[in-house]
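Reading through the structure tokens given below for one structure.
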Amino acid sequence: MTGAAAGGSGPQPQGEGPVAALDPGSAKCGLVLSDGARKRIVQALVVAPAEAERLLELWRQEPGLAAVVIGDGTGSGRWRERLAGRLPVVWQRERGSTLAARERYWQLFPPRSWRRWLPKGLRQPPRDWDDVVAQLLLERWLGRDLAREPEAGAGTIRTRPAR
């Protein structure tokens, strides 16, 4: 795995059930949803904060979230207030997650074309990778890598609410 499993707060929920992870931001948020066995990412999105809140509420109802893992970086305090009493929230240390997520991005989506020839340190993902940061936070909390379903969205970018 690309990070240590240390740095999370709170125990993992007992039993099984899907877990969401959120990389909070003021303009956009990375959001992922695991399967019930917590082995695969079944949805991955970069969305506006209002859309992230709407999706978390939707996921709370169906398929029934066991928890939401949230990065402890800038803006996380507002999410604590937003989700208080509605969802079980677990905090995960974000330190170093942006650089680690860039590496994880290339593991999930190997470079193609001319990007293959760039040194790893110079490769920049061709899109926002906040969803990969959220996935990395979840992986750190679980202590293992998660596969990504092909139909997980592979980084679907939607920064305005769906109509």
| query | Using the count of nearby Cβ atoms within 10 Å as a rough guide to exposure, how do LEU58, LEU45 rank from fewest to most? | reply | LEU58, LEU45
| field | Ordering of 124-131, 64-71 by packing [mean C-beta count within 10 Å, highest first] | value | 64-71, 124-131
| said: Charges at C-beta only: +1 for Lys and Arg, -1 for Asp and Glu. How large is the resulting dipole of the stretch 19-158 about its Cα centre, in Debye rounded to 20? | reply: 480
| query | By average Cβ neighbour count within 10 Å, what is the ranking of 141-149, 20-28, 76-84 from highest down? | reply | 20-28, 141-149, 76-84
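We did not get these values from a lab; they are worked out from the coordinates using the rules stated. Everything numeric here is computed off the predicted structure, so don't read it as measured data. Every residue, glycine as well, gets a Cβ built from its backbone with ideal geometry; the counts of neighbours run over all protein chains shown.
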